[in-house]
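Below is one structure, written out as structure tokens; the observations come after it.
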Amino acid sequence: MTKQRLSNTAARRIFLDRHALLEPPQGEASSSALLELIERLGFVQLDSINTVARAHDLILFARKPRYRPSDLKRLYERDAGLFEHWTHDAAVIPLSFYPQWQMRRTRDAVRLQKQWRTDRRDGFEAQLQTVLDHIRDRGACRSADVGQGEKRGSGGWWDWHPSKTALEYLWRSGALHVVGRENFQKRYDLTERALDPQVWAANAMPSEDQTIEWCCAGALDRLGFATSGEIAAFWAHVTAAEAKAWCADALSAGEIEEIEIEGVDGTVKTYYARPDIGHDPALETDAPNRLRALSPFDPALRDRKRAKFLFGFDYRIEVFVPEAKRIFGYYVFPLLQGERLVGRVDMKAFRGEDTLRVRALWPEVSVEWGKGRQAAFEAELDRIKRLAGVSQITFEDGWLRPSILHQFG
């Protein structure tokens with residue numbers, strides 16, 4: 001039987017639609033609207049780097065330009081519409097998804113206990129009850145509030161003091177719940193005190209089979225099309241073997257089918273998709289021509305291989321690359337316009353100078369940076385400066401650089 005094939009343009013539209021980037025960026029950022037967006041995306045990754053705005057803020061701003069960081073804080077802490085846990089990294093997740101993290105919490109309880117015993121964190125298990133008692137008696141706390149007198153290092157994960165490790169373990173395994181952040185430091189409370197029992201009670205938790213079904217079906221629906229490996233990686237809950245078995249069962253039941261996707265270079269790969277994908281409304285929808293700067297942690301860019309296959313956009317974050325070996329810069333923002341990734345920009349907000357400084361911009365190969373695109377870029381900078389909390393924009397000498405054709409290793 002001949003497989004259905006989607007052209008590269010069609011595949012891009014499906015992909016952008018599933019990441020809420022196919023429609024014009026607009027609409028209010030109230031708690032209900034923001035929660036609806038995060039449910040659609042599945043989660044929003046958190047990151048502390050704040051060269052212009054933190055990753056989670058820029059992810060939401062790229063889709064809803066009225067968004068401000070206080071909107072997420074309100075939804076998370078006041079309205080309790082979100083909880084914090086791990087997918088592939090730390091993330092805020094709709095609270096309605098909390099039961100689906102029970103399998104992750106149970107597995108983490110075993111995995112982390114074994115890993116952290118030998119990971120330069122000896123002694124944390126002896127602090128578990130002490131930390132629980134501290135929070136029970138004194139209320140929500142930060143890591144700085146426990147473990148007084150314990151040896152403290154730089155604060156990196158490799159140098160946590162035992163009580164900090166105990167806090168993280170109790171949170172990751174479910175006894176504690178993060179109720180918000182103060183200066184980006186997590187505040188932990190007892191789960192039984194922070195959440196309605198109907199949310200965390202054992203009888204509210206799905207089985208592992210139910211969780212695997214929810215994870216795999218939800219990942220495919222949020223990706224549009226995917227391999228079993230991409231499905232497993234989306235929430236980072238299920239194993240590769242579990243995702244592969246789900247795909248085989250769903251394929252046999254007619255719930256999904258194999259389709260072919262054309263890459264930007266004309267190569268063709270096979271993916272799983274829902275049988276009705278050929279009639280998806282996104283296929284007939286043009287992406288808005290507005291230029292947008294995306295966070296390096298944007299969900300549309302999380303899978304670097306997919307970005308390269310669909311858009312020809314070869315990207316990596318060079319934060320941990322020695323400065324002399326960087327190709328582009330410490331923290332460079334991809335630029336999306338229409339259905340193309342058209343460039344990347346190195347920019348930073350200097351809040352003490354009330355200035356957003358553009359250090360360098362590289363158009364992608366074959367992208368012309370004419371007056372129209374420059375005007376679109378400046379309009380985006382004008383929007384971003386308000387998110388960054390500054391009022392001026394400056395361009396360093398030689399900021400517009402020649403295109404670079406580079407293959408990251």
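Before we move on, is Ile38 within 17 Å of the chain's Cα centre (by Cα) and not in a helix (DSSP H, G or I)?
Details: within 17 Å of the chain's Cα centre (by Cα): yes; not in a helix (DSSP H, G or I): no.
No.
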#### Entry: Considering residues of region 330-345 that are open to solvent by 20 Å² or more (accessible area, probe 1.4 Å) and not basic (Lys, Arg) only, the residue nearest to Leu21 (Cα to Cα)
Glu339
### Message
Quick check on region 196-210. Is at least one of its residues part of a helix (DSSP H, G or I), farther than 30 Å from Arg5 by Cβ and either open to solvent by less than 10 Å² (accessible area, probe 1.4 Å) or touching a Cys at 6+ places or on another chain (Cβ under 9 Å) (or both)?
### Response
no
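Within region 387-401, can you find the residues that are in a loop (DSSP other than H, G, I, E, B) and farther than 11 Å from Arg351 by Cα? Outline the logic, then answer.
Looking only at region 387-401, we keep the residues that are in a loop (DSSP other than H, G, I, E, B), and these are 389-391, 396-399, 401.
Passing the criteria: Glu396, Asp397, Gly398, Trp399, Arg401.
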### Query
Which number in (1) assigned to a helix (DSSP H, G or I); (2) surrounded by 21 or more Cβ atoms within 10 Å (Cβ to Cβ); (3) of a type outside the set (S, T, N, Q); (4) under 16 Å from the mean Cα position of the chain (by Cα) marks the one condition that Met103 misses?
(4)
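Any idea how many residues of region 51-87 are of a type in the set (Gly, Ala, Ser) and either open to solvent by less than 10 Å² (accessible area, probe 1.4 Å) or touching a Leu at 6+ places or on another chain (Cβ under 6 Å) (or both)? It would help to see each step written out before you state the result.
As a first pass, look at region 51-87 and keep what is of a type in the set (Gly, Ala, Ser): 53, 55, 62, 70, 80-81.
Applying the additional criterion that residues be either open to solvent by less than 10 Å² (accessible area, probe 1.4 Å) or touching a Leu at 6+ places or on another chain (Cβ under 6 Å) (or both) yields 53, 55, 62, 81.
Of the residues in region 51-87, 4 are of a type in the set (Gly, Ala, Ser) and either open to solvent by less than 10 Å² (accessible area, probe 1.4 Å) or touching a Leu at 6+ places or on another chain (Cβ under 6 Å) (or both).
Would you be able to say whether some residue in region 327-343 is among the β-branched types (Val, Ile, Thr), without any contact (Cβ under 8 Å) to a residue 24 or more places away in the chain and under 24 Å from Val44 (Cα atoms)? Let's see the steps before the verdict.
Just the residues of region 327-343 that are among the β-branched types (Val, Ile, Thr), to begin with: 327, 332, 342.
So of that shortlist, the ones also without any contact (Cβ under 8 Å) to a residue 24 or more places away in the chain come out as none.
No, there is no match, as no residue in region 327-343 is among the β-branched types (Val, Ile, Thr), without any contact (Cβ under 8 Å) to a residue 24 or more places away in the chain and under 24 Å from Val44 (Cα atoms).
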#### Entry: Members of region 355-389 found to be more than 22 Å from Ile404 (Cβ to Cβ) and touching a residue at least 40 places away in the same chain (Cβ under 8 Å), listed by number
Leu356, Ala379, Arg383, Ile384, Leu387, Ala388, Gly389
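The values are calculated or read from the model by the stated rules, or taken from the named source; none is laboratory data. These numbers come from a predicted model, not from an experiment. No Cβ is skipped: glycine too gets one built from the backbone with ideal geometry, and neighbour counts run over all protein chains shown. Remember, those area values only see protein heavy atoms, side chains included, never the ligands or the DNA or RNA. Shrake-Rupley method; radii C 1.70, N 1.55, O 1.52, S 1.80 Å.
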